[in-house]
Amino acid sequence: MIDGTAYPVSDSYFNTLTLTDIPLPVKPKGVTVSGTVTSYGSDSDDVTVQLIEAGHTEPAYEAIVSGNSAAYSFDTVPAGTYTLKVMKKGHAPWTEEITVGDGNVTKDVTIYLWGDVDLSGSVDIMDALTLLWYIDPSTGTSLSDHALSVADVDGTPGIDIMDALNVLWYVDPSMGMSKFPTE
Ligand SMILES: [Ca+2]
């Protein structure tokens, strides 16, 4: 017991050994990784935030938060490289690599609705047009990584005319389409 009491130690170099306030080596506790996830659609659907350590598939950390502006926080994250993965119903999952070192990490993320190719926060005819322009090389339209992540809505690999058609059908109320094939 280390409580400041003097204990007699026989046959020792010291006649008496007093243990008090001795700093013990402590394993590093890691840092905090936190931020805010901005999303669209329902304000009450779960937002799942995961930290997946490099080389692993199962998340080392997971937080389920809610709200279209949802704060998350992971404590005592050891240094390393992680994939931050954010998921919410109706939204394309978003992943990005983060490096955790000695200091706390703040990482804000915005995720977008499937089909919201112009990243406006809603899916409408402009998204279908943007996709049509992107598919047509003569328009010189490029899409950001975020836009590309929400563009492949038809459930088959590649971004093509079927994705644009799916967005057109989705925004047409008469089609009665409540979600995209990829969801
Ligand atoms: Ca849009």
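Given H placed 1.01 Å from N in the peptide plane, which residues other than close sequence neighbours of residue 110 have an amide H under 5 Å from its amide H? Residues meeting the amide H criterion: 38.
Using C-alpha positions alone, give me the convex hull volume of the stretch 101-140 per residue in cubic angstrom.
Hull volume over Cα atoms, normalised by residue count, gives 111 Å³.
Structure remark: mean-square fluctuation, Gaussian network model of the chain, C-alpha springs under 10 Å; the largest value among 95, 76, 38 belongs to 76. Ordering 158, 44, 74 by the projection of their Cα atoms onto the charge dipole of the chain, which places +1 on the Cβ of Lys and Arg and -1 on the Cβ of Asp and Glu, puts 74 at the extreme positive end. Legend: Rg and Dmax of the chain, from Cα coordinates, 26.0, 94 Å.
Dividing the convex hull volume of the alpha carbon atoms of the stretch 69-146 by its residue count gives 113 Å³ per residue.
Comparing 56, 146, 91 in a Gaussian network model of the chain where C-alpha atoms under 10 Å apart are linked, the largest mean-square fluctuation is found at 56. Can you list the residues, at least 5 places off or on another chain, whose amide H is less than 5 Å from the amide H of residue 105, using H built in the peptide plane? Under 5 Å from the amide H of residue 105 lie the amide H atoms of 32, 33, 34, each far enough along the sequence or on another chain.
Our compactness index for the stretch 28-74, the C-alpha radius of gyration over the empirical 2.2 N^0.38 Å, is 1.28. Convert 10 °C to kelvin, take the viscosity as 1.306 mPa s, use the Kirkwood radius over C-alpha pairs of the stretch 125-175 as Rh, and evaluate the Stokes-Einstein diffusion coefficient in µm²/s, rounded to a whole number. Answer, rounded: 143 µm²/s.
Over all distinct alpha-carbon pairs, what is the Kirkwood Rh of the stretch 31-110 in angstrom?
Evaluated on the stretch 31-110, it is 12.6 Å.
Placing +1 on the Cβ of every Lys and Arg and -1 on the Cβ of every Asp and Glu, with nothing else charged, gives the stretch 125-175 a dipole about its Cα centre of roughly 80 debye. Specify the residue with the greatest mean-square fluctuation among 78, 157, 93, computed from a Gaussian network of the chain linking alpha-carbon atoms under 10 Å apart. Of 78, 157, 93, the Gaussian network model singles out 157 as fluctuating most.
FYI, it's all coordinate maths here, none of it is from the lab. Everything numeric here is computed off the predicted structure, so don't read it as measured data. Here Cβ is always computed from backbone atoms with ideal geometry, including for glycine, and neighbour counts include all displayed protein chains.
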